Amino acid sequence: MPAEIPALPADFIENLGNYTLPEIAFKVASALIGDSIPAADLKTIIDEAINFEAPLKQIDGHTQVLELFHGPSLAFKDFGARFMSRVMSYYLREGEQLLDVLVATSGDTGGAVALGFLGVPNTRVTILFPKGKVSEIQELQLCTNGQNIHVIEVDGTFDDCQHLVKQAFADAELNGALRLTSANSINISRLIPQTFYYFNAYAQLLRQGKKEMVVAVPSGNFGNIAAGLLAYKMGLPVKRFLAATNVNDTVPRYLESGVYETRPSVQTYSNAMDVGAPSNWVRIMDLFKGDVNALKQVLEGYRFTDEETLEAIRALQAEHGYIACPHTAVAYLATKAYQARHPDLEVESVFLSTAHPCKFPDALPEQVASKVVTPEVVAVLKDKARKSTAMGVDFLAFKGYLLNLQ
């Protein structure tokens, strides 16, 4: 976490509509990073990393979708992975020890990190994903890179993958032999760039003459919404955040009962959100200094089943001509549930679309899947050879793998 959360100038917030996404990103990153990276170098990093759009699209009267899948891996994780890889590359010096980047993925993180670090000198990336729990396209994005990208198929859940990575960071022998770092959202350089698109969403609303918003966020490991709450603490005017989960509902249950109880994750169609023990919850509680009542003033939790998710995908396509991935559909459901509770509230509702629907063909109703246009960048993956290493959840086996990497 940052030692302190900087407040952005009020005139900057009020005039966000006058700035482009890269300009907003530079201002926000500068406030958080300070002079750790000289302004000219930081601007170069941002211009290279954030070189794609994140547009708002109208769904109905007071509902808009923020599309975050226009980067190279077709998922919102491109914001974090591209920025982080360039920051790490900036700090690397010739002749230094090789940097070993460890990342657990429930779907989209791994693909974005792989593309972000592919070919970056003096880095080696090891990605762990749960066997049979990512979509075919997500697996192709992980396993077809080669070069400095290594992939482990873990016979377990995402929580198992994440636990192996955390054990590695706590192991003295590994840290003595390797120079380890993380590419998961436990790394703050993943969260900083994810604040950019929240500010940019508000900038787009200001250009429409709107000044209030409620934001629904598909939530699994809670990094995405943690970034939104960080933006809020920096001065972004958000009336309410809606944490939208599938049946892996640790946080909604906590907000209702006051009891924080993790459970083993359950597989769903919105697989990137299949997390039973979200790492970023401690970060969110830290933002609010442990005061759950203060947090509840700005955060609400919603949970939805696979059946409800599929119905939302059908409704979005049939009623609005919009095709959403399962994660996006869960956020849409939270938006509609909130609007139903507050029918007289004329605040703009924004729900986040975190991945292109082509990544989840098996999770879409057949009549919707047939209408998805697959980008060329995905189509070419199917002709590439896959390479991964199968492994159980035993830490000693993972440790041995890392120590024997060449």
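The values are calculated or read from the model by the stated rules, or taken from the named source; none is laboratory data. From a predicted model like this one, the values you see are computed outputs, not experimental measurements. Quick reminder, even Gly has a Cβ in these numbers, built from the backbone with ideal geometry, and neighbours come from all protein chains shown. Side chains included, ligands, DNA and RNA excluded: accessible areas come from the protein's heavy atoms. Shrake-Rupley method; radii C 1.70, N 1.55, O 1.52, S 1.80 Å.
Keeping every protein chain present and rolling a 1.4 Å probe, give me the accessible area per residue for the range 258-397 in Å².
Result: 49 Å² of accessible area for each residue.
List the equivalent ellipsoid semi-axes of the range 1-147 in whole Å, largest first, each obtained as the square root of 5λ for an eigenvalue λ of the Cα gyration tensor.
Its equivalent ellipsoid spans semi-axes of 28, 24, 13 Å.
Run the accessible area of the chain with a 1.4 Å probe and give the carbon-and-sulfur part as a rounded percent.
That fraction is 50 percent.
Would you mind listing how long the range 174-305 runs along its three principal axes, going by Cα atoms, in whole Å with the largest first?
Answer, in whole Å and largest first: 53, 37, 32 Å.
May I ask you to derive the FRET efficiency for Lys387 and Asp47 from their Cβ-Cβ distance with R0 = 41 Å, giving the value to the nearest 0.05?
Here the calculated transfer efficiency is 0.80.
If you roll a 1.4 Å probe over the heavy atoms of the protein chains, what accessible area per residue do you get for the range 68-169, in Å²?
30 Å²
Using all C-alpha to C-alpha distances in the range 235-302, build P(r) with 5 Å bins and read off the rounded percent in each one.
Distribution as computed: 4, 16, 25, 28, 15, 9, 3, 0 percent.
Which three extents, in whole angstrom, do the alpha-carbon atoms of the range 110-263 cover along their principal axes, largest first?
For the range 110-263, the Cα extents along the three principal axes come out at 52, 39, 34 Å.
Just name one of Ala243, Leu405, Pro72: the one whose Cα is farthest towards the positive end of the charge dipole of the chain (beta-carbon charges, Lys/Arg +1, Asp/Glu -1).
Projecting each Cα onto the dipole axis, the largest value belongs to Leu405.
May I ask you to evaluate 6.51 cos²θ - 1.76 cosθ + 1.60, the Karplus curve with θ = phi - 60°, for each residue of the range 163-169 and list the ³J(HN,Hα) values in order in whole Hz, giving x for glycine and proline?
In residue order, the calculated couplings are 5, 4, 5, 5, 4, 4, 5 Hz.
Mind running the shape call on the range 1-44? Use the C-alpha gyration tensor, a ≥ b ≥ c as the square roots of the eigenvalues: rounded below 1.5 for a/c, prolate if a/b tops b/c, oblate otherwise.
It comes out oblate by the Cα gyration axes.
For Ser89, what accessible area in Å² do you get when you roll a 1.4 Å probe over the heavy atoms of the protein chains, rounding to the nearest 10?
50 Å²
The range 315-384: D in µm²/s via Stokes-Einstein (Kirkwood Rh, Cα pairs, 37 °C, 0.692 mPa s)?
The diffusion coefficient I find is 239 µm²/s.
Over the chain, how many percent of alpha carbon pairs lie in each 20 Å bin up to the one with the longest distance?
So the P(r) values, bin by bin, are 28, 61, 11, 0.
Just check the range 24-63 against the gyration tensor rule for me: Cα atoms, a ≥ b ≥ c as the square roots of the eigenvalues, rounded for a/c under 1.5, and otherwise prolate or oblate depending on whether a/b exceeds b/c.
Oblate, since a/c reaches 1.5 and b/c is not below a/b.
Please list 179-191, 223-235 highest first by mean number of surrounding beta-carbon atoms within 10 Å per residue.
Packing order, densest peptide first, comes out as 223-235, 179-191.
Over the chain, with a Gaussian network built from C-alpha contacts below 10 Å, which listed residue (Tyr260, Tyr332, Tyr197) shows the highest mean-square fluctuation?
Greatest mean-square fluctuation among the candidates belongs to Tyr260.
Using amide H atoms built 1.01 Å from N in the peptide plane, name the residues 5+ places from Met213, or on other chains, whose amide H lies under 5 Å from its own.
Under 5 Å from the amide H of Met213: Lys239.
Work through the residues other than Gln141 whose Cβ is under 12 Å from its Cβ and net out their charges, Lys, Arg +1 and Asp, Glu -1.
That works out to +1.
With only alpha-carbon atoms in the gyration tensor, what are the semi-axes of the equivalent ellipsoid for the range 70-186, in Å, largest first?
Those come to 21, 18, 11 Å.
Mind jotting down the distance between the C-alpha centroids of the range 350-406 and the range 153-229, whole Å?
18 Å
Roughly what would the spin-label model give for Lys57 and Asp155, points 7 Å off Cα along C-beta, in nm?
Going by the 7 Å Cα→Cβ label model, 4.2 nm.
For the chain, set up a GNM with springs between Cα atoms under 10 Å and report which of Gly392, Gly119, Gly95 has the largest fluctuation.
Answer for the Gaussian network model of the chain: Gly95.
Could you check the spin-label model distance between Asn15 and Val266? Points 7 Å from the Cα along Cα→Cβ, value in nm.
Roughly 5.1 nm, to one decimal.
If packing is taken as the average number of other Cβ atoms within 10 Å across a peptide's residues, how do 54-61, 359-366 rank, most packed first?
So the peptides 54-61, 359-366, ranked by packing, come out 359-366, 54-61.
Step by step: find N for the range 283-406, compute 2.2 N^0.38 Å, then divide the Cα radius of gyration by it. What's the final number?
Here the Cα radius of gyration is 1.50 times the empirical estimate.
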